[in-house]
Structures are given as structure tokens and as C-alpha cells.
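Right, one structure below, let's go through it.
The values are calculated or read from the model by the stated rules, or taken from the named source; none is laboratory data. Predicted model, so just to flag it, every value in this text is computed and none were measured. Because the Cβ atoms are built from the backbone with ideal geometry, glycine has one as well, and the counts that use them run over all protein chains shown. For the accessible areas, the whole protein counts, side chains as well, though only heavy atoms, and no ligand, DNA or RNA atoms are used. Shrake-Rupley method; radii C 1.70, N 1.55, O 1.52, S 1.80 Å.
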Amino acid sequence: MKQDTLRAREQRTGWLLVIPALLLLLLVYAYPILRAFGLSLFSQNLGTQLQPEFAGLANYSRMIADGRFWQSIGNTAIFTFSALILELVLGMGIALVLNQTFRGKGLVRTIAILPWALPTAIMALAWTWIFNDQYGILNDILLRLGWIETGINWLGNPTLAMVATIVADVWKTTSFVSILLLAGLQSIPQDLYEAHAIEGATPWQSFRQITLPLIMPQITIAALFRFAQSFGIFDLIQVMTEGGPAGATEMVSLYIYATVRRYLDFGYGAALVVVTFLILIVVVALAAYLIAKLRRSTGVET
Amino acid sequence: MMTQRKFSVASLLLGLAIVLVVLFSLGPIIWQFLTSIKTNDAIAAIPNVYFPNPNQLTLNHYTELFARRPFFNYMLNSFLVSILSTILCLGLGSPAAYALARLRIPGERILLALILLITLFPYILLFLGLLEIVKALGLGNNFLALIVPYTAINLPLTILVMRSFFQQLPRDLEDSARIEGYGTLKMLVEILLPLTLPALVTTGILTFIFAWNEFIFALTFITVENMKTIPVAAAQLGGSSVFEIPYGTIAAATVLGTLPLVLLVLFFQKKIVQGLTSGAVKG
């Protein structure tokens, strides 16, 4: 009896403490997503004088035939996967370096996390300046090395503009990956390596047989975070190229933004939000499934 | 123990790798700084002037920012919005984190999974719905339109980091407080809060950084020049004239806009790393 009332009181206090935060999360996360699902079934644009008119799945069938949408999805996929792979490889390298013992390690670590902390929009300006066709330092270095004859118009060429935005994103977010991976590396007991080395394993074998499997959880989490963030990348691209040249770097987020803000097509914009959301959820669910499977398999082995 | 001193080749390679990491991380920042203190002639010199000589130095780009633009306002706006949303976020997030760490509430596993899931949502998914709310409530060009979303987008991280902190606290403390007759709320404020300060600072630094850096909401909900935050104002500096882009001024703006964060990282590197890893990994 007494136990029950105590328990009930604990629950009541618990909810009391959780509810304010929960309400805010519902307002800022749940409402916009649910609203997008609802609005995506309506036409609400300049043609309907911004009044909502029920349209069924018209927005979705329009999307199937919308070349610009498919191009933006393609651009986003190229951007996301290139950036993700580069960030994981480079982040791993940096984490391995930061995990060594050397003088001034604290300072080097501080420097290495700096890019992550700085505003993306502002650092996009810095990268725009680096890639500047006339006065950019990148062209200057390449010219001095004699690798090119004249300055390259990086942001004016469709392929190179994509490369430039990927480079800037890799610079900005590799530090996040290396922070997570470094935490993983530090949790590996040193004697594992020593025992392995006594058995005659090379450093590369140790890396593949000890390091990689043991920090797989951190790798997966970093990859998941980076995937979701790259997939919705907005500020970096908006500042560097505005999606240009000729839509070559238009990501799905920029297309959504333009649809809503420039073309005032709220219904179609909502449908684009819904599809982006669903793609994200599917990938996250797949990743979660993989993580669970991974945990099970490592659990069996040890 | 393995031998502490490795081959000189290995240490040479390590040294090289360290130099590369430092150059990679600092290069773009240093180049912006050098650009910001060069005269326009030096900026437009071909081949580039890497280290300006004394006659090529100027502070004009900085004074220009304050003379021609309400740059002081931009900084102040960013500070205000970031600080207020950080305080709100800690105030709402820590009690929730405590409840999720210690009190048994039905459905808490689902709640935690959802909180973890929404840390993955890019802001572009939210801006359309928020835009409607902002319009309906007449909150355009009101800092509330930034403070409330910033508080919300930082809540998941705050809850995860604070929860992992509360879980590490010894339970005896709370048990003895209960025996003394403290209620949960009283115990939270009088006993746990002082102990929690370091974790609050850690979390607060992260939420401050995220709020300072946010772009898409600030771009959409604030259009009055005097009310803009640093990232948006800086990004729009070049927009005023198409033909002559003020590279020096933009560089100066990037230096000033990143300076508070550079200082935060310099002083709190350990806390930032600790917060990020406990938020992402242990959650």
C-alpha cells in the first residue's frame, strides 16, 4: 500500500519534471513534421492565392516528374556520401595521431576541434575566399607549384563547385568525427595491443583486428550523425554557391527553402519535407538495425 | 611496457602528421585573419601577399564594419539569443534529465529513443512548420522566434549529457536526503544543483555554440538589419554590391564572429570534448 503511493508519487514528480521539456519538443519537432504531412496533401501556392485547397497526392505525383527534385536528391547523395567517407577516413587518421603521446598534445587537440566549433555560415565565407578564382589562395598555391597555367574558376564550374563544397564540409566536420573516434580509441586497453604484438602481429593487423572492431560503435554513431547532418546541409551551400552553378550544387534542403520562400509553394514544399524526412528515417532505421546486429555479433564472440 | 622511445623514423612521421593536422585545422582561419588586416591593394595583389609588410597593414576593414554596419548590434544579438536560449535549455533540460536518469516513469525507454532520434533531424525539416507558427503568432523579427527554437534544438543534447551525468552521481546522496525528509524538488535545487554545476557548464558551452552558429531560422525569422545575428549578417555582407565584393570586410567579420567561439574552445577544450562524447556515445 505505502509502496504503491510512493511509486505513484515518484511517477508524478517524474512527469512534472519531464513535461515542460517534452511540450517544447512537441512544439518545435513534432508539430512541424506532422504539419508537413498534413499540408503536403493540399495545394497552397500563388495559384490558389495562398489558400489551402485539398489536392490529394497531387504534390507527390508532381514530385515524380520533377527533374529539379531528382537532381537535388542526386546532388545531396553525392555530397553526403563523398563527405561522409572522407570525414571518416580523415577523422580516423586525426584521431590516431591525437591518441599518440607527444609534447603539446593538449594544444594540438584544442586546435583540432576548432573547425567544429566555428559557425558554418561564416567559415563558408572563408572557403569561398580560398576558392576565389582571381585572388584565391588555392589557385595561387597551384600556380606557384606550376601545376596549373591559369586560375581555376572553382565555384563557377559544376563539378568543381561540388568538389569545393565537399572540401569545405570535410574541413568543418572532420573534427567532430575525430573527437568521437578518439574517445573510442582511448577506451581500448593498451595491453590488448601488447599481447597482439607479442604474437607477432604488425601494426596494420592490430589496427584491423583490434582497433576497428572495438571502435565500431563510435564509427557507426559518428557516421549516423554526419549522414543526417550532411543530408540536410543548408548554410554551407547557401553561402558558398547558393546551389549553383546551374543547380549543380543544389541540395534538397536548398530546393525546399526556395520552394517555400521564393516560390511561396507551401503545399509542394511540405511534400518535399515529408519525403526528405522519410528518406532520413529509413536510413536511420537501417543503421540502427545494423548497430543492433553488430552488438549481438560482438557479444557472441567475446 | 613497450619501449617508450620509438624509431626516429616513426617520430618523424608523427611530427609530420601533427604539423599537417594543425595546418589543416588552422589554415583557413589564419588566412581569413591575414586577409582581414591587409589593405585592399595587398588583398588584390597577384601573386598573393602571404605576410603583409607594415605598409600593407590596416585596421580599416574592422572600423568599416562598425562604421557602416550595426556590427556591434549583430554581436549583441547573437550573445543575447545564445545566452537566453542556453539558460532556458538548462532550466528545462536538467530536471527532465534527472527524471529520466533516476525516477521510474512509464515509457521512458521510448522517450529516450525518440530524444536520441530527433538529434538527427536537420533543421530544414522544421523550418516550414515553425515559419507558420511564427507568422500566426506575429513573432517575425522577435527574438522569441529564435530563442524558443534554439532552446528546443539543444534540449535533446542537454538531456542526454545531463542524464549521463546524473547516472554517475552516487545514489547515497539522494537516499540520505530523502531520509532527512527532502522532497524531490527541494533535493534537486539544494543538494544536486551545486554538484551539477560543472556538468551544467559543459552542456551550456555546447548549447551556446550551437545557438551562436544557427543559420536557417535566423535567416528566415529575422529580417530587420539591426536584429540580425552574426552568421546571417556576415553571410549577407557581400550581397550589397555585385561588382565589388568587400573581401577585407568579410574577412574582418569572420574573424570577429568566430572570436568568441575560438576563446570558448581555447578555455574549455576538455569540457567540450567530454560533453560531446557523453552526449553522442553514451546516449
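Summary table below
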quantity	calculated
Single residue of segment A:94-112 satisfying the filter (among the aliphatic types (A, V, I, L, M), within 7 Å of chain B (Cβ to nearest Cβ) and open to solvent by 10 Å² or more (accessible area, probe 1.4 Å)) that is nearest to B:Leu219 (Cα to Cα)	A:Ile111
Scope segment A:72-83; condition of a type in the set (A, V, I, L, M, F, W, C) and surrounded by 23 or more Cβ atoms within 10 Å (Cβ to Cβ); matching residues	A:Ala83
Matching residues in segment B:93-113 - criterion: being touching a residue at least 40 places away in the same chain (Cβ under 8 Å) and either of a type outside the set (A, V, I, L, M, F, W, C) or open to solvent by 40 Å² or more (accessible area, probe 1.4 Å) (or both)	B:Gly93, B:Ser94, B:Pro95, B:Tyr98, B:Arg102
B:Leu20 more than 12 Å from every other protein chain (Cβ to nearest Cβ) and either β-branched (Val, Ile, Thr) or under 31 Å from the mean Cα position of the chain (by Cα) (or both)	no
Any hit, segment B:243-255, residues being in contact with a strand residue (DSSP E or B) (Cβ under 7 Å, 6 or more places away or on another chain), closer than 22 Å to A:Val239 by Cβ and not assigned by TED's automatic domain parsing to the domain that holds B:Gln274	yes
Residue tally, condition at pLDDT 80 or above and open to solvent by 30 Å² or more (accessible area, probe 1.4 Å), over segment B:236-255	3
Test: residue in segment B:184-197 that is in a helix (DSSP H, G or I), within 27 Å of B:Val265 (Cβ to Cβ) and open to solvent by less than 60 Å² (accessible area, probe 1.4 Å)	yes
Residue ranges of helices (runs of 4 or more DSSP H) in segment B:44-144 with at least 2 members β-branched (Val, Ile, Thr)	B:71-102, B:108-118, B:124-136
Given (1) within 23 Å of A:Met240 (Cβ to Cβ); (2) in a helix (DSSP H, G or I); (3) hydroxyl-bearing (Ser, Thr, Tyr), index of the condition B:Thr207 fails	(1)
Which numbered condition B:Val49 fails, given (1) buried (at least 17 other Cβ atoms within 10 Å of the Cβ); (2) under 26 Å from the mean Cα position of the chain (by Cα)	(2)
Pair list, Cβ < 6 Å and 6+ apart or interchain, from segment B:148-174 residues that are more than 30 Å from B:Leu80 (Cβ to Cβ) and of a type outside the set (A, V, I, L, M) to residues that are open to solvent by 10 Å² or more (accessible area, probe 1.4 Å) and part of a helix (DSSP H, G or I)	B:Gln167/B:Ala101
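For every residue, the table says whether it meets (1) in contact with a Ser or Thr (Cβ under 8 Å, 6 or more places away or on another chain); (2) surrounded by 22 or more Cβ atoms within 10 Å (Cβ to Cβ); (3) within 8 Å of another protein chain (Cβ to nearest Cβ).
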position: B:Thr203; (1), (2), (3): yes, yes, no
position: B:Trp212; (1), (2), (3): yes, yes, yes
position: B:Lys228; (1), (2), (3): no, yes, no
position: B:Leu263; (1), (2), (3): no, no, no
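Yes/no per residue for (1) open to solvent by 40 Å² or more (accessible area, probe 1.4 Å); (2) closer than 20 Å to A:Gly243 by Cβ; (3) modelled with pLDDT under 90; (4) away from chain B (no Cβ under 12 Å):
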| site | (1), (2), (3), (4) |
| --- | --- |
| A:Phe131 | no, yes, no, no |
| A:Tyr135 | yes, no, yes, no |
| A:Leu143 | yes, no, yes, no |
| A:Gly146 | yes, no, yes, yes |
| A:Glu149 | yes, no, yes, yes |
| A:Asn153 | yes, yes, yes, yes |
| A:Thr159 | yes, yes, no, yes |
| A:Met162 | no, yes, no, yes |
| A:Thr174 | no, no, no, no |
